[in-house]
Every structure is written in C-alpha cells, then in structure tokens.
Amino acid sequence: METLLRDMKHGVRLLFKQPGFTLAALAVLALGIGANTAMFSLVNAFLLKPLTIEKPEELLGVYSRDAKKVDSYRGFSYPEFADLRDGNRVFSSLTAHNMALVGLSEDAATTRRVFADMVTSNYFSTFGVSMFRGRAFTADEERPGSGIPVVIVSHSFWKRGGADPALVGTTLRINSKLFTVVGIAPEGFSGTTALISSELYMPLGMYESLVNDFEGGARPLDRDNHALIVIGRLRPGMTREAADAQLAAQPPLDTRGDRQVLVARPLSRLSISTSPSKDDELRLPSLLLQSMAIIVLLIASMNVANMMLARGAVRRREMAIRVALGAGRRSVLAQLFTESLLLAVIGGAIGLMVAYWSTTLLIRSLAHMAPIDLVYNAAPDLRVLAVTMAFCVLSTVMFGFGPALSLSRPDVFSDLKGKDQAASGSGKFSRRNLLVIAQLALSLMLLTAAGLFLRSSLQSARIAPGLRIEQTLVVEVDPSLAGYNEARGRELYRTLIPRLASVPGVQSVDLAATVPFGMVSLGRSVQKASDAPLAPADADSGKQAGLVDTSFNIVGPEYFATMDVALLRGRVFSESETSSATAPVAILDQLAADALWPNGDAVGQHIRMTSGGANQTPRDAEVVGVVASVQQHILGTAWGPHLYVPFGQEYQSDMTLHLKVAAGSAAGEAQVLAAVRREIHAVDAALPVLAARSLRDHLEASFDLWLARTAAKMFSIFGGVALLLAVIGLYGVRAYSVSRRTREIGIRMAIGSSAGEALALVLREGLRLTAFGLGAGLLLSFGIGKLLSGMLYQVSAIDPLVFVGAPLLLTFASLLACYVPARRAARIEPMVALRYE
C-alpha cells in the first residue's frame with residue numbers, strides 16, 4: 001500500500017508538471033469513456049436497472065393461451081380475473097390492469113391526450129410500493145360499474161405541476177368529468193416497464209364510463225371482453241416452474257369456447273401486452289451502439305498511446321536512472337501503470353459528467369413527443385459506476401500497456417548517455433504509425449456509418465409519401481372526451497365539416513381515423529369473399545389462405561381529393577356512404593388490390609374483413625375503387641397495403657380533420673388554425689381539440705423521424721469524435737517525427753534541398769499513412785454498411801456519395817493534420833538544425 005501511495009503521488013506530480021499533455025489526454029479519454037458510459041447508461045435503464053418494485057423476481061405475468069395454438073394468447077375479462085384471484089393457490093397477490101388513452105383538460109381551451117392505467121385496488125400493494133402521498137384505491141372503487149371518479153397521479157406528473165403539497169384532494173378534469181386526486185405514486189415508479197409510465201392511474205370501476213375507441217366498446221363485466229393484463233406475486237417458496245405447472249392443470253376459466261391454458265411467464269420490461277414477450281428487440285441496437293462507442297474508446301486509447309510513446313521517448317533517461325539505482329522491472333511497470341490508471345480515472349470522472357448531460361438531453365428530446373411519462377434518472381448507479389471503472393481499466397490497458405512495456409526495458413548504457421533509442425518512432429510500420437493507421441481505419445468506418453444515417457435522415461425529410469404534405473392542416477377532435485355518444489358525435493362531425501370548409505383559406509376538408517406517420521395506426525386483415533372463411537385453427541396460416549394484412553382507415557368522401565391521393569379505378573365513397581350506414585363498401589390501394597387480384601381488376605369484387613378488434617365479426621364488402629398507394633411509416637415496412645371504409649359504415653369517436661389550405665406560409669397556416677379553433681368552439685365549446693398543426697409539423701414530430709434523426713446525430717457525433725481523435729493522432733505522430741528528424745532535415749537542406757522538397761517529404765509520409773488507413777477503413781466500411789442496411793431509409797448500404805465523401809473528408813482532414821508539421825519542417829534553418837540535439 002505504501003508503494004502504491006508513493007506511485008500515485010509521483011503520478012499526480014507528473015500530471016501537474018506536464019499540463020499540456022495532461023489536458024489533451026484527459027479530453028481524449030473523457031470523450032471515449034463518456035461515450036461508452038452514456039450508451040451503457042441507456043442500456044442499463046432499459047434492460048438492467050431494477051424497477052421501483054419490491055422483489056421483482058417474485059412477479060410473473062399470467063397469460064391465457066389457446067390450447068391448440070401455442071403462440072395465440074388473449075387477455076382476461078374481469079369475471080375471469082375475479083375467479084382466478086379467488087381460487088388460486090399460486091400467488092399471494094394477483095392484480096389486473098389495462099392501459100387507456102384519456103383526455104386531460106389543462107385549461108379551458110387545451111385538452112391533452114395522456115395514458116392512464118386502469119387498475120385493481122391491490123395494484124400498488126402487489127408491487128410492494130406505498131403511496132408517496134394519499135392512498136391507494138379501495139375495493140368499492142374497483143368494482144366494475146361503480147363509477148367513483150378518483151385518480152392517482154404519477155410522481156413526475158406531480159412535479160411537473162409545481163409539486164403542490166396540497167394536490168391530494170383537488171380535482172382534475174378527465175374526459176370532461178371531474179376526478180378527485182386521492183394519491184401520488186412513489187417517485188420512480190413505472191409499473192412493470194422500464195423508463196415509460198402512465199401519468200394517471202384510475203380504478204377499474206371507471207372503465208365503463210371512460211371506454212372509448214382505443215379500448216373497444218365492450219362492458220368490463222362481459223366475459224367476452226378479454227382486455228385485462230394479469231400480474232401475480234408468487235407465494236413464498238413457489239417457483240415459476242411450479243406455478244406454471246399448477247396453472248396449466250387447473251380447470252379452464254371459460255368453458256364456452258376453445259379451451260384456454262393458463263401460463264406464467266417473466267414480465268417484459270419494454271412492453272405491456274396480453275401475450276408474453278421478451279426484450280430481445282432492443283438488444284441488437286443496444287449492442288450496435290455500444291460497439292460503436294467502444295470503437296471510439298479504442299481510437300481514443302490509441303491516441304493516448306501515441307502520446308504516451310512520444311512522452312516515453314523523453315523519459316527513457318529517467319527510467320534508465322531508476323534501473324541503474326536498483327529499481328526492478330516490476331517496480332517500473334507498476335509506476336507507469338499507476339500513472340496511466342490515474343489519467344484514465346480522471347478522464348472517466350469527466351466522462352461520467354458527459355454521459356449525464358448527453359443522456360438527459362436525449363431523453364428530453366423524446367419526452368416532448370410522447371403521450372406517456374418517461375421516468376429516467378441520469379444519476380449513475382453502482383452498475384454504471386462499475387462499468388465506467390471497467391472502461392477506465394480497459395483504456396488503461398489499451399493505451400498504457402505498450403508504452404509501459406517499452407519503457408520498463410531501457411538500454412541503460414545508451415539511455416544514460418542520451419542516445420535516441422526511440423526506434424518505435426521511425427519506419428513505415430513503427431508502433432506509432434500502426435496505431436495511426438488503425439485510428440484512421442476505424443474513423444473511416446464510423447464516418448461511413450454516420451454518413452449513411454445522415455443520408456437516411458435527409459431522405460426521410462424529403463419523403464414523397466403519395467399524399468399531400470404541404471399546405472395541409474390536421475386537427476384532432478374526440479367527442480367521446482366530452483361525454484358524447486355515437487349519435488351526438490356523428491351530428492357534430494356533420495355540422496363541423498361544412499363550417500370548416502367555409503373558413504377563409506380552406507379549399508377542402510374531410511376526416512380520417514388515422515394520420516400517416518402518427519403514433520396510432522389501425523390494421524385489418526382482408527381476403528377474397530369467395531375464399532373459404534379462415535377457421536381459428538388456420539389463423540397462423542393466413543398467407544396460405546389468401547389473407548392480406550392492411551393498414552386500415554375510416555375516411556369521408558372528400559378525403560382522397562383533400563390529400564391528393566389519386567383515384568386509379570372505380571369511384572370514391574358517396575356522401576350517403578359516409579353519413580349513414582349503407583351496404584358495406586370499401587376502397588383498396590394498389591398494393592392491396594394487386595395482392596388479392598394480381599391478374600384482375602379489384603373493382604366490383606367482394607372482400608371479407610377480419611381482425612377488427614373486440615366484438616368485431618368478419619364481414620363482406622364490395623370494392624368500389626382502387627387508389628394510389630401511400631406511405632404509412634418512415635422506417636420498417638413503409639409502403640404497405642391499405643384498406644379504406646366510409647365513416648358511415650364504421651364509427652370512431654377520435655377523428656382527425658384534414659384541411660387543404662391555400663396559405664403557403666407558417667403565419668398563414670397559423671391564422672387558419674386559429675380560425676378553425678374558433679369555429680369548433682362555436683359549434684360546441686365542450687368539444688376538445690387534442691391537436692391542431694400542419695401536416696408538415698406532424699411529420700416533423702413523428703417518432704420514426706425522431707429515430708432516424710437521432711441515429712444520424714449519434715453516429716455523426718461518434719464519427720466526428722473519431723475523426724477528430726484520428727487527426728490529432730496523425731498530427732502528433734507527424735509533429736513528433738519532424739522534431740526527431742530536425743537534424744536530418746537540416747542536413748538535406750544544407751546540401752541543396754529546397755523548402756518545398758522538405759514540405760513534400762513530410763506530407764508524402766503523412767499521406768502514405770492515410771492511404772493505408774483508408775484501404776483498411778474501406779473494408780470495414782463495407783461491413784458496417786451491410787450491418788446497418790435494415791435501419792436505413794431509401795439509402796443503399798454502399799451509397800456512392802457516402803463511400804466517396806467519407807474518404808475524401810478523412811483525406812482532407814489528414815492533409816491539414818500533416819501540413820502544420822510539414823510547414824514547420826520547411827522553415828527549419830540548416831545551421832540551427834545541424835546544432836540540434
């Protein structure tokens with residue numbers, strides 16, 4: 001211990017003695033370690049950090065599986081849950097919940113769509129948490145149909161509202177009803193999921209009065225309403241395997257239909273679902289981002305290793321004196337490793353601050369577009385601190401091992417006489433040059449990845465989705481949030497559309513259930529009506545039975561004209577078809593029509609629509625038109641088949657009004673939106689406007705675009721940092737080479753070489769290193785391009801612009817890095833150089 005303290009004191013003195021070297025090395029290490037810590041902090045938050053739950057390993061999800069189809073699951077009805085809770089011998093506590101979208105009135109003119117969790121009275125006690133303030137729900141409040149308007153708010157909701165200590169007991173207006181706040185959830189609580197949480201919690205007794213389009217229309221007491229997700233805490237001594245076996249052996253909860261088998265599975269940290277799921281979907285992107293960060297750390301370590309090698313050349317005399325005075329090699333190695341570890345630990349501490357700042361900024365950029373709480377604490381926990389320390393040790397080994405090994409074996413006689421033994425600094429493939437080549441190769445790989453994502457982001461911003469983007473406004477309203485039923489809702493829409501069409505600047509207006517690139521999408525499966533209906537046992541073989549999965553939308557008669565979606569064949573919906581129930585009709589897009597009738601015309605044919613949600617039975621409809629295909633998403637399967645039905649045929653309360661306007665400026669669109677709001681409130685002051693913006697702004701706020709742009713920013717940061725580090729490393733090597741070859745260059749100039757020849761000599765050697773780095777980097781770039789190809793939007797994995805631009809950028813930066821020492825070499829005075837030692 002005494003030796004360690006002595007080595008540390010000597011290391012600290014040495015760092016203060018060379019402030020230029022210390023600051024440069026710390027900056028490089030802070031970037032490298034900080035990038036890795038930031039990436040691990042996010043992985044930790046999503047996959048590793050324990051949830052704010054007592055003994056989470058005792059919690060299991062309970063799922064109802066079809067006995068004939070091992071991959072088919074459904075939720076539970078409330079009667080089924082009550083039977084299971086009262087008769088089970090597996091769990092000490094059993095709770096149920098279901099997510100709902102509700103409208104929270106923030107003031108007289110603003111209603112915000114938020115997620116609420118409809119829960120049983122023992123929801124919080126099952127998780128082993130106590131209220132931060134107030135109380136949990138009672139059994140009377142849970143009883144379906146009780147209609148007791150009480151609510152518990154999340155801790156972050158309370159903080160955002162000003163952390164009012166008197167919030168409990170006040171009221172919130174939710175779906176136009178007043179709810180009494182009875183409690184505040186504990187800080188950091190997010191249920192079974194990591195990072196995301198509901199803002200509100202409501203008792204299941206309010207389910208029926210709050211049910212809307214997003215939860216289906218069935219009553220909670222109906223045994224056919226399988227909407228609840230069930231979670232249980234195991235009894236002491238009960239294992240998951242034993243619980244699974246006991247659940248599978250008990251009698252079915254519902255004997256009227258196909259037999260269901262109960263299974264117990266671990267809960268997902270990333271999703272809330274009626275079927276078990278694993279968290280594997282996040283592991284690949286997490287691994288990719290962490291790998292990119294480790295490459296940055298590798299480049300940073302190579303950079304510091306070069307700096308250590310350069311510094312080691314002037315410390316050889318010091319080490320020779322130590323050895324001459326009796327110091328052993330182990331003692332010298334210990335001293336050098338202590339110095340390197342000190343440097344890495346200080347760099348890691350700065351990196352922790354970089355990680356804290358960057359991850360907080362990233363989460364905030366996502367929070368403004370999500371209708372759900374993001375519960376994230378950027379403060380490092382023990383795992384983050386341990387991994388940061390591991391990165392410090394890893395970087396110490398990477399940048400400190402080679403220089404320390406070299407310095408621990410001094411040539412005592414030569415070094416004491418001051419002779420230059422720094423052979424590692426000369427030659428085409430010296431240690432320092434090989435490190436620079438590796439830095440350049442890895443930097444080119446990261447630059448290529450950044451370029452591909454940047455091109456993908458630019459392409460996504462210039463999308464041509466097959467419908468009108470510019471001069472289009474979207475206004476979302478939901479009469480159900482004002483307590484209106486279907487009849488009143490239809491009447492409101494019939495009144496609103498002609499009034500909005502008369503607003504100055506509005507050219508046409510109509511409604512639709514969904515907006516492309518939004519967070520909400522609907523789906524239906526369709527097949528030819530002439531095909532045999534799909535039996536339940538054949539559901540998994542839908543493709544063989546001619547079933548086509550489509551994006552589903554409910555629209556009005558002017559929707560296609562308003563959105564400039566071309567009608568290819570047939571006709572659009574009539575006014576009567578969109579205002580009242582008529583014979584079922586549908587419109588397909590070209591992709592859906594080709595999938596069902598690849599060699600014929602779909603117009604006049606009949607389709608069968610299935611998978612319409614709760615209480616929806618398959619029904620036939622006549623295809624009256626075929627329209628052009630439109631883009632639904634930016635990432636993934638962006639262009640898929642679409643199915644449209646008229647508003648009169650199927651009702652949805654939450655609808656979006658689409659307005660085609662003449663205004664071509666943001667100011668003009670803002671004026672039209674203000675007029676639209678006034679007209680809506682003039683029709684019904686209680687009707688909430690959930691969103692009102694241009695379709696361009698809607699697209700800019702989409703999650704897909706955020707993801708594409710965030711990936712571009714992150715990889716650009718990685719690539720930029722890697723380029724900066726590689727250029728610094730190249731500059732350092734060339735500058736050191738010039739300083740060691742000052743006498744040689746002086747002799748060359750004394751015997752007739754010009755300044756231009758000296759300049760060319762240094763530049764030529766630098767470009768040779770760059771060429772080797774580019775060659776290796778291009779091979780790595782082809783590999784990373786193939787790896788990223790599935791995450792790019794309309795960009796080739798070997799995009800020519802990127803694969804030409806990235807090497808040119810690296811070459812230009814390398815030329816600049818070589819020019820400064822080359823210019824210094826060209827200005828050397830021969831007589832001064834000849835006297836140089």
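The values are calculated or read from the model by the stated rules, or taken from the named source; none is laboratory data. Computed from a predicted model, the values in this text were never measured in an experiment. Positions of Cβ are generated from backbone atoms using ideal geometry, with glycine treated the same way; all protein chains shown enter the neighbour counts. For the accessible areas, the whole protein counts, side chains as well, though only heavy atoms, and no ligand, DNA or RNA atoms are used. Shrake-Rupley method; radii C 1.70, N 1.55, O 1.52, S 1.80 Å.
Considering the range 480-502 alone, what residues qualify as being of a type in the set (A, V, I, L, M, F, W, C) and surrounded by 12 or more Cβ atoms within 10 Å (Cβ to Cβ)? Don't jump to the end; show me each part of the working.
Taking the range 480-502 and keeping what is of a type in the set (A, V, I, L, M, F, W, C), we get 481-482, 487, 492, 496-497, 500-501.
Across the range 480-502, the qualifying residues are Leu481, Ala482, Leu492, Leu496, Ile497, Leu500, Ala501.
Scanning for something outside any helix (DSSP H, G or I) and surrounded by fewer than 19 Cβ atoms within 10 Å (Cβ to Cβ), does the range 775-796 turn up at least one residue? Spell out how you get there, then give the answer.
Of the residues in the range 775-796, the ones outside any helix (DSSP H, G or I) are 792-796.
Retained after the next criterion (residues that are surrounded by fewer than 19 Cβ atoms within 10 Å (Cβ to Cβ)): 794, 796.
There is at least one residue in the range 775-796 that is outside any helix (DSSP H, G or I) and surrounded by fewer than 19 Cβ atoms within 10 Å (Cβ to Cβ).
Give the range 522-542 a look and list any residue that's modelled with pLDDT under 80 and among the small types (Gly, Ala, Ser), or say none.
As a first pass, look at the range 522-542 and keep what is modelled with pLDDT under 80: 532-542.
Ala532, Ala535, Ala537, Ala539, Ser541, Gly542 - these are the residues of the range 522-542 that are modelled with pLDDT under 80 and among the small types (Gly, Ala, Ser).
Has the range 120-133 got any residue that is part of a strand (DSSP E or B), out of contact with any His (no Cβ under 9 Å at 6 or more places or on another chain) and open to solvent by less than 50 Å² (accessible area, probe 1.4 Å)? I'd like the intermediate steps shown before the answer.
Looking only at the range 120-133, we keep the residues that are part of a strand (DSSP E or B), and these are 133.
Narrowing the set further to residues that are out of contact with any His (no Cβ under 9 Å at 6 or more places or on another chain) leaves 133.
Next, only the ones that are open to solvent by less than 50 Å² (accessible area, probe 1.4 Å) stay: none.
There is no residue in the range 120-133 that is part of a strand (DSSP E or B), out of contact with any His (no Cβ under 9 Å at 6 or more places or on another chain) and open to solvent by less than 50 Å² (accessible area, probe 1.4 Å).
Residues that are touching a helix residue (DSSP H, G or I) at 6+ places or on another chain (Cβ under 7 Å) and of a type outside the set (D, E, K, R): find the helices (runs of 4 or more DSSP H) completely inside the range 1-115 holding 2 or more of those.
Because the criterion is at least 2 residues that are touching a helix residue (DSSP H, G or I) at 6+ places or on another chain (Cβ under 7 Å) and of a type outside the set (D, E, K, R), the helices (runs of 4 or more DSSP H) in the range 1-115 that meet it are 2-17, 19-43.
For residues that are in a loop (DSSP other than H, G, I, E, B) and not aliphatic (A, V, I, L, M), scanning just the range 591-604, find the one that is surrounded by the most Cβ atoms within 10 Å (Cβ to Cβ). Let's see the steps before the verdict.
If we filter the range 591-604 for residues that are in a loop (DSSP other than H, G, I, E, B), which is where we start, we get 597-604.
From the residues that got through so far, the ones that are not aliphatic (A, V, I, L, M) too are 597-601, 604.
On the way: Trp597: 17, Pro598: 7, Asn599: 5, Gly600: 11, Asp601: 12, Gly604: 11.
The selected residue is Trp597.
Among the residues of the range 100-109, write down those that are surrounded by fewer than 18 Cβ atoms within 10 Å (Cβ to Cβ) and hydrophobic (A, V, I, L, M, F, W, C). Steps first, please.
Within the range 100-109, the first condition is being surrounded by fewer than 18 Cβ atoms within 10 Å (Cβ to Cβ), and the residues that meet it are 106-109.
Matches in the range 100-109: Ala108, Ala109.
Considering only residues of the range 663-687 that are over 27 Å from Ser579 (Cβ atoms) and in a loop (DSSP other than H, G, I, E, B), which is farthest from the chain's Cα centre (by Cα)? Spell out the reasoning first.
Of the range 663-687, the ones over 27 Å from Ser579 (Cβ atoms) are 663-671, 674.
Still in the running and in a loop (DSSP other than H, G, I, E, B): 663-665.
On the way: Ala663: 35, Gly664: 33, Ser665: 32 Å.
For the range 663-687, the residue satisfying everything is Ala663.
Specify the residue that is surrounded by the fewest Cβ atoms within 10 Å (Cβ to Cβ); the eligible residues are those in the range 754-774 that are at pLDDT below 80 and charged (D, E, K, R).
Checking each candidate, the answer is Glu757.
If you check Leu673, Leu690, which single one turns out to be open to solvent by 20 Å² or more (accessible area, probe 1.4 Å), under 25 Å from Val114 (Cβ atoms) and at pLDDT 90 or above? It would help to see each step written out before you state the result.
Details: Leu690 fails: at pLDDT 90 or above.
Among Leu673, Leu690, only Leu673 is open to solvent by 20 Å² or more (accessible area, probe 1.4 Å), under 25 Å from Val114 (Cβ atoms) and at pLDDT 90 or above.
Which one is nearest to Thr710 (Cα to Cα) among residues in the range 458-479 that are open to solvent by less than 50 Å² (accessible area, probe 1.4 Å) and of a type in the set (A, V, I, L, M, F, W, C)? It would help to see each step written out before you state the result.
The first filter runs over the range 458-479 and keeps only residues open to solvent by less than 50 Å² (accessible area, probe 1.4 Å), leaving 459-461, 463, 465-469, 472-479.
Subsequent filtering for residues that are of a type in the set (A, V, I, L, M, F, W, C) retains 461, 463, 467, 469, 473-475, 477.
On the way: Ala461: 13, Ile463: 17, Leu467: 25, Ile469: 22, Leu473: 26, Val474: 25, Val475: 27, Val477: 30 Å.
Going through the qualifying residues, I end up with Ala461.
Among the residues of the range 586-605, how many are free of Cβ contacts under 8 Å to residues at least 40 places away in the same chain and among the acidic types (Asp, Glu)?
2
On the given criteria, is Arg112 open to solvent by 50 Å² or more (accessible area, probe 1.4 Å), touching a Leu at 6+ places or on another chain (Cβ under 6 Å), without any contact (Cβ under 8 Å) to a residue 24 or more places away in the chain and not aromatic (Phe, Trp, Tyr)? Quick ask: steps written out before the conclusion?
Numbers: open to solvent by 50 Å² or more (accessible area, probe 1.4 Å): yes; touching a Leu at 6+ places or on another chain (Cβ under 6 Å): yes; without any contact (Cβ under 8 Å) to a residue 24 or more places away in the chain: no; not aromatic (Phe, Trp, Tyr): yes.
So Arg112 does not fit the description; no.
Which of the residues belonging to the range 503-520 are at pLDDT below 85 and buried (at least 16 other Cβ atoms within 10 Å of the Cβ)? Steps first, answer last, please.
Going through the range 503-520, the residues at pLDDT below 85 turn out to be 517-520.
The answer is Phe517, Gly518.
Could you grab me the full set of residues in the range 170-206 that are under 24 Å from Asn485 (Cβ atoms) and open to solvent by less than 10 Å² (accessible area, probe 1.4 Å)?
Ile174, Asn175, Phe179, Leu200, Met202, Pro203, Leu204, Gly205, Met206
Could you check Asp140 against (1) open to solvent by 30 Å² or more (accessible area, probe 1.4 Å); (2) in a strand (DSSP E or B); (3) modelled with pLDDT of 90 or more; (4) not aliphatic (A, V, I, L, M) and say which number it fails?
Result: Asp140 fails condition (2) only.
Is it the case that Ala614 is modelled with pLDDT under 90 and outside any strand (DSSP E or B)?
Taking the combined requirement at face value, the residue satisfies it.
Would you check which residues across the range 704-732 are open to solvent by 30 Å² or more (accessible area, probe 1.4 Å), farther than 20 Å from Ala441 by Cα and in contact with a helix residue (DSSP H, G or I) (Cβ under 7 Å, 6 or more places away or on another chain) and list them?
Answer for the range 704-732, where residues must be open to solvent by 30 Å² or more (accessible area, probe 1.4 Å), farther than 20 Å from Ala441 by Cα and in contact with a helix residue (DSSP H, G or I) (Cβ under 7 Å, 6 or more places away or on another chain): Trp706, Arg709.
Counting only residues that are open to solvent by less than 60 Å² (accessible area, probe 1.4 Å), modelled with pLDDT of 75 or more and more than 23 Å from Phe718 (Cβ to Cβ), give me the helices (runs of 4 or more DSSP H) lying completely in the range 282-367 with at least 3 of them.
Working: elements: 283-313, 316-324, 329-367.
Ranges flagged: 329-367.
Here are Phe91, Phe81, Phe40: which of them is modelled with pLDDT of 85 or more and either hydroxyl-bearing (Ser, Thr, Tyr) or open to solvent by 10 Å² or more (accessible area, probe 1.4 Å) (or both)?
Details: Phe91 fails: either hydroxyl-bearing (Ser, Thr, Tyr) or open to solvent by 10 Å² or more (accessible area, probe 1.4 Å) (or both); Phe81 fails: either hydroxyl-bearing (Ser, Thr, Tyr) or open to solvent by 10 Å² or more (accessible area, probe 1.4 Å) (or both).
Selected residue: Phe40, the only one of Phe91, Phe81, Phe40 that is modelled with pLDDT of 85 or more and either hydroxyl-bearing (Ser, Thr, Tyr) or open to solvent by 10 Å² or more (accessible area, probe 1.4 Å) (or both).
Look through the range 567-590, keep the residues that are touching a Ser or Thr at 6+ places or on another chain (Cβ under 7 Å) and not in a loop (DSSP other than H, G, I, E, B), and return whichever of them is farthest from His606 (Cα to Cα). If you could, list the steps in order and put the result at the bottom.
Of all residues in the range 567-590, those touching a Ser or Thr at 6+ places or on another chain (Cβ under 7 Å) come to 576, 582, 589-590.
Cutting the leftovers down to not in a loop (DSSP other than H, G, I, E, B) gives us 576, 589-590.
Details: Ser576: 20, Asp589: 15, Gln590: 16 Å.
Among them, the one singled out is Ser576.
Mind listing whichever residues of the range 575-604 are at pLDDT 90 or above and more than 42 Å from the chain's Cα centre (by Cα)?
Within the range 575-604, just Gly604 meets the criteria.
Any chance you could count how many residues in the range 145-169 are open to solvent by 20 Å² or more (accessible area, probe 1.4 Å) and either of a type in the set (Gly, Ala, Ser) or part of a loop (DSSP other than H, G, I, E, B) (or both)?
Kept after step one, since they are open to solvent by 20 Å² or more (accessible area, probe 1.4 Å), are these residues of the range 145-169: 145-149, 156-169.
Those still in the list that are either of a type in the set (Gly, Ala, Ser) or part of a loop (DSSP other than H, G, I, E, B) (or both) too: 145-149, 156, 161-169.
Count: 15.
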